[in-house]
Amino acid sequence: MIVALVAIGAPVLAALASIGRLTRFAVTALSRLLQPPWYPAQLAQQMLVIGWLSLPVVGLTAIFTGSALAQQIFIGGSRFNAASTVPAVTVIGVVRELGPVLGGLMVAGRVASAMAAELGTMRVTEQIDALVTLRTDPFRWLVAPRILAAVLVMPFLVLVSNALGVMGGWLLATQRLGFNSAQYLATTQRYLEADDVVSSLVKAGVFGFFIALMGCYHGYHSGGGAAGVGRATTNAVVSSFILILLSNLIITVIVFGS
Amino acid sequence: MIPRIELTGVSKRFGSRQVLDGLDVAVMPGESLVIIGGSGTGKSVTLKCILGLIPIDAGSIKVDGQEVAGLKGAALDAHRTRFGMLFQGGALFDSLPVWRNISFALPGTPADRRSAAIDNLARVGLAAEVADLKPAELSGGMQKRVALARAIAARPPIIFFDEPTAGLDPITAAVINRLIRTFVTDLKITAITITHDMASVRLIADRVAMLHAGKIIWNGPLAGLDACDNAYVRQFITGSADGPIQMPGARP
């Protein structure tokens, strides 16, 4: 019995300790956002890296997914004589779920890995220690600007993702499925509600927070040379994927569950 | 006279491994102490404990007579303003040009800081053109010189040199050693250098301490090093494979 309890208890304690460390890391980073000194140049650079440079991958993902979604809705809807639901279901599916989630996953793959690799390399080459000896708080200089930048730019990326996703559906529906362009757009507009857009932007901000937090946390605590940086990068991507999908479910249930 | 830095009974354990085990050492103002010892004996950990980068488990660390172990927040920041540090790999910030690396902790306008960086580049024998290069564009020796320029830029009264000549060819290593000795003498800084390189020891040190098994096992002036009869020190300075020091993980 005791052996069994020990076997269960050790991983549970380790998991709780990890959650504690992560929470402390997040609170420290957020507290640095509230007090000067701030580093606006670092923030601007991160907004460029996370936002502008992610646009191509997020945009392409949205167009392809929106198009594929319209095709599948058309095929499925045709079985029930409901092919006309393509614009309505596409816009709801894209704006509520696929735009933010796929956009978040693509940004996580690009950004969380890059952050973990950069901070991890800085850790193993003692650059983070050098920052401290030069009287610069690594949380202020490295972590806080990345988290704030991700939270600020993710809603814009998701807006673009939503627009392009809907456009992808419209393009396929009008060019291949025989829909009337004006009618398609009018139906899309009629079925799109403010709540859909607001929940999408809220999700985007939350996803941005988790992406940057995971990238910074795993990179900052990286160790063990090149292999350690590799592990940190993998952990950053996997954990941000899981947190994106989990938080998406929670927000969806809260906003639309009732 | 009060030692500039004084460590008494300092202990540090990582997991099951006791790295520092009651370490005692002191450095007087303006003195250059070189700590020698095998790999993994805790030399770098000692420097990081003094800087407050690694908390100690037990003991006392005093700088100018004031206890600094356990300092936090603004007091720790103030403590660190007294130090410059040359890291083993240079630890230059990859994303910043050389001049911003050197002037990172300096106050003033960008123009003032750039000018100060170029002055410090000249001190380490590098041309002003280097200022706008990124660290990745420099050779290993140039990176070490830039790191040296960064360590002295704020004119700290105490500088730590962590393996300053590691990975450098003998000529570049000699240049770095000479620069360090010049800074110690001209700028009247207190220095602690950790190294395996006996050429560095002979050029940089006023006093030498040997760290083994978490303790200082010999400590004396450079002039007494060759006459020392401590078997560990003798094995280390002669670079012999035979003696009381065994390679970690070696078969008995």
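Throughout, read-outs are computed from the coordinates displayed, never taken from laboratory work. None of these values were measured; they are calculated from a predicted model. Every residue, glycine among them, receives a Cβ derived from its backbone with ideal geometry; neighbour counts consider all protein chains shown.
Residues in segment B:68-89 that are aliphatic (A, V, I, L, M), without any contact (Cβ under 8 Å) to a residue 24 or more places away in the chain and at the interface with chain A (Cβ under 10 Å from one of its Cβ atoms): B:78 only.
Select from segment B:90-106 the residues that are within 11 Å of chain A (Cβ to nearest Cβ) and without any contact (Cβ under 8 Å) to a residue 40 or more places away in the chain and write down the one among them that is farthest from residue A:126 (Cα to Cα). This residue is B:100. The number of residues in segment A:107-125 that are surrounded by fewer than 21 Cβ atoms within 10 Å (Cβ to Cβ) and either of a type in the set (Asp, Glu) or touching a strand residue (DSSP E or B) at 6+ places or on another chain (Cβ under 7 Å) (or both) comes to 0. Here residue B:47 clears all of (1) without any contact (Cβ under 8 Å) to a residue 12 or more places away in the chain; (2) outside any loop (DSSP other than H, G, I, E, B) except the condition numbered (1). Residues in segment A:116-146 that are farther than 20 Å from residue B:163 by Cβ, hydroxyl-bearing (Ser, Thr, Tyr) and either part of a helix (DSSP H, G or I) or more than 9 Å from chain B (Cβ to nearest Cβ) (or both): 0 in all. When A:65, A:85, A:61 are checked against the criterion of being farther than 18 Å from residue A:184 by Cα and in a helix (DSSP H, G or I), a single residue qualifies: A:61. From the list B:241, B:227, B:153, the lone residue that is within 30 Å of residue B:133 (Cα to Cα) and of a type in the set (Gly, Ala, Ser) is B:153.
When each of B:217, B:192 is tested for being in contact (Cβ under 8 Å) with a residue 24 or more places away in the chain and on the phi < 0 side of the Ramachandran plot, the lone residue that passes is B:192. Among the residues of segment B:47-63, are any in contact with a Leu (Cβ under 6 Å, 6 or more places away or on another chain) and buried (at least 18 other Cβ atoms within 10 Å of the Cβ)? Yes, that holds for at least one residue. Scoring residue B:58 on the criteria (1) within 13 Å of chain A (Cβ to nearest Cβ); (2) under 27 Å from residue B:18 (Cα atoms); (3) over 19 Å from the mean Cα position of the chain (by Cα); (4) not aromatic (Phe, Trp, Tyr) leaves a single failure, condition (1).
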